[in-house]
Amino acid sequence: MTWRQRYGWLRAVVADAAVLDTRALAMGRIGMALLLLYDLFVRSHDIHALYSDEGVEPRSAVDPPLLPLFRLYFAFGDAPSLQVVFAIAAVFAAALLVGFRTRLVTGVSWVLLVSLQARNGSVNQAGDDLLAMFLFWSLFLPLGARLSVDAHLRPRPAESTLVSGVGPFALTGQLFLLYFITGTLKANSIHWLVGNGIYDALNAQEFVTSFGRWLHPHYYVLKVLSWATLVLEICGPMVLFIPPRRWRVRLALVVAFLGFHAGISLCMRIGMFSFVCMVGWLFLIPAGALARISRSTETITAPVPSPQARWAQRLAGAIFVYLVLAAMISDRWPNGKVRDALLKPARAFAWQEHWGMFVKPRDEAGFLVARAMLKNGTQVDLLRAGRALTWAPPPLVIDLFPNQRWRKMLTGVIKSDNKDRAHRYLQWLCRTQNAKRTADAQVVNVVLTYVSQKLLSPYKKGPPERKVLALSRCQ
């Protein structure tokens with residue numbers, strides 16, 4: 001076999017594997033829209049605290065995005081104006097849900113999401129980056145071909161439910177990169193190879209749920225789960241190259257990853273990451289499974305090219321190749337001006353292909369205490385709803401935070417030692433607490449302390465240590 005024949009064979013295999021069903025695309029579209037609406041709903045409760053100039057992160061403390069396209073949320077500093085922008089984003093997300101002017105609302109939703117994420121990066125998590133990437137690749141897919149207002153208003157002649165092309169390839173490749181990158185990074189960490197990866201992840205008390213806490217003492221079960229995670233994340237993406245006509249294999253892979261992320265959600269609260277991943281796998285449900293589920297009599301014919309202009313397909317292909325190179329550069333290239341220049345387009349458009357969740361081992365575990373001195377001499381913990389001060393660990397550390405946005409911001413203070421952000425947070429606590437307290441129970445000052453214990457060996461910890469992160473006198 002000549003090199004041209006090998007290339008032709010490889011190209012045929014990749015093209016055959018990157019074939020998606022328009023019904024699955026519709027399911028993925030609905031899932032993304034629901035996540036967008038949920039995200040806006042959760043964030044809307046903290047518009048004043050996290051996104052206005054009177055909150056923890058005023059515009060003066062944030063570097064604006066490189067592209068003016070993503071600076072919408074930087075145009076307003078007051079909560080009422082931001083509420084209007086949130087409402088506009090919700091309208092476009094609702095339009096995506098029902099599939100009205102699908103490609104247009106997908107693009108606008110992507111711009112609005114990246115703009116929102118840029119406004120306060122301290123609360124962003126891996127799930128936010130992944131949702132933005134799915135929205136971007138969706139611009140090159142016919143998301144409105146089924147189960148949509150567009151399909152109802154502009155019915156097309158009967159054709160194959162399958163689509164192929166660079167768009168489907170890029171979305172499939174996004175899932176491949178996500179798991180292969182995080183899997184290989186974990187395989188290079190000795191604590192994952194010896195089976196301590198899940199045990200170590202559950203030491204991150206700020207994530208762990210009641211079920212995760214129950215599972216944590218089962219050391220040998222955690223070892224098996226760690227090795228199973230490595231196998232699934234490294235070998236699972238390879239199964240994507242099996243042609244979707246062997247739909248039972250593809251369906252088994254989809255079910256395996258859906259179960260994997262459901263299990264993670266039971267053990268840990270990691271924001272929207274697991275749910276975004278689950279939506280991503282909806283895109284890959286094979287046509288054979290959908291036909292069985294719906295008892296459809298449609299004949300599964302050869303895939304048709306994705307209805308995109310040739311220039312758009314080439315653009316998607318070029319961007320995907322660039323992001324593969326960017327992932328290699330970010331992992332292997334030393335820091336410097338050349339590296340920054342090569343990664344500048346990815347940063348400008350918020351393209352993310354570095355997925356290193358729970359790769360590095362933890363050396364300590366702990367929780368935060370916001371010790372407040374009241375005017376009447378009482379000491380309380382503002383993170384525990386103003387109850388009497390105690391240095392004992394809470395039953396669940398995750399319950400100290402109103403939601404995962406606050407968890408990300410406050411744990412970021414621990415890791416980055418950002419004194420300015422910590423001070424702004426304490427001043428915000430002072431203002432919000434004193435606005436609802438009686439005169440004799442006013443907060444005089446607040447001290448943010450991290451209580452940690454060194455992780456010495458499995459299930460053995462050092463003595464508690466207190467580290468003052470910031471202190472502030474209420475003004």
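The values are calculated or read from the model by the stated rules, or taken from the named source; none is laboratory data. These numbers come from a predicted model, not from an experiment. Virtual Cβ from ideal backbone geometry, glycine too; neighbours counted across all protein chains shown. Remember, those area values only see protein heavy atoms, side chains included, never the ligands or the DNA or RNA. Shrake-Rupley method; radii C 1.70, N 1.55, O 1.52, S 1.80 Å.
List of remarks:
- Inter-label distance for residue 379 and residue 252, nm, one decimal - labels placed 7 Å from Cα along Cα-to-Cβ: 6.0 nm
- Near residue 352, no amide H atom lies under 5 Å from its own; only residues 5 or more places off or on other chains count, and H is placed 1.01 Å from N.
- Here is the list for the range 367-415: chymotrypsin sites (Phe, Trp or Tyr not before Pro) lying in DSSP coil, each with at most 15 other C-beta atoms within 10 angstrom of its C-beta, are 391.
- FRET efficiency for the pair residue 466 and residue 312, taken as 1/(1 + (r/R0)^6) with r the Cβ-Cβ distance and R0 = 60 Å, rounds to 0.60.
- Remark: spin-label model distance residue 457-residue 54 equals 5.6 nm, labels positioned 7 Å along the Cα→Cβ axis.
- Stretching residue 227 away from residue 396 to a fully extended chain increases their span by 58.2 nm, per 0.36 nm per residue minus the current alpha-carbon distance.
- Under 20 Å from a label point set 7 Å out along the Cα-to-Cβ vector of residue 79, the amide N atoms of the range 49-70 belong to 49-61.
- Within the accessible surface of the chain, defined with a 1.4 Å probe on protein heavy atoms only, the carbon and sulfur portion equals 64 percent.
- A 1.4 Å probe run over the chain, with the rest of the protein chains in place, finds 48 Å² accessible per residue.
- In the chain, Cα pairs under 8 Å separated by at least six residues give a relative contact order of 19 percent.
- Rounded FRET efficiency, nearest 0.05, which uses the C-beta distance separating residue 364 from residue 322 and R0 of 56 Å: 0.90
- Annotation: aspartates and glutamates with alpha-carbon distance below 16 angstrom to residue 223 (same-chain offsets under eight excluded): 200, 233.
- Remark: the range 340-347, residue by residue, has Karplus-estimated 3J(HN,Hα) of 4, 5, 5, 8, 4, x, 5, 5 Hz, where x stands for each Gly or Pro and the curve is 6.51 cos²θ - 1.76 cosθ + 1.60 at θ = phi - 60°.
- Computed label-point distance, nm, for sites residue 441 and residue 88 using a 7 Å Cα→Cβ extension: 4.1 nm
- Long-range HN-HN contacts of residue 470 with modeled amide H, under 5 Å: 448
- For the range 407-475 versus the range 205-282, the gap between their alpha-carbon centres in whole angstrom: 33 Å
- Cysteines without a disulfide-compatible partner [the chain; Cβ-Cβ under 4.7 Å]: 235, 267, 277
- Nearby aspartates and glutamates by direct alpha-carbon distance to residue 467 (threshold 20 angstrom, same-chain neighbours under 8 apart not counted): 206, 363, 364, 381, 417, 420
- Theoretical gain in end-to-end length, residue 44 to residue 420 [0.36 nm per residue, Cα-Cα removed]: 132.9 nm
- Trypsin sites (Lys or Arg not before Pro) restricted to DSSP loop in the range 426-475 with at most 16 other C-beta within 10 Å: 436, 437
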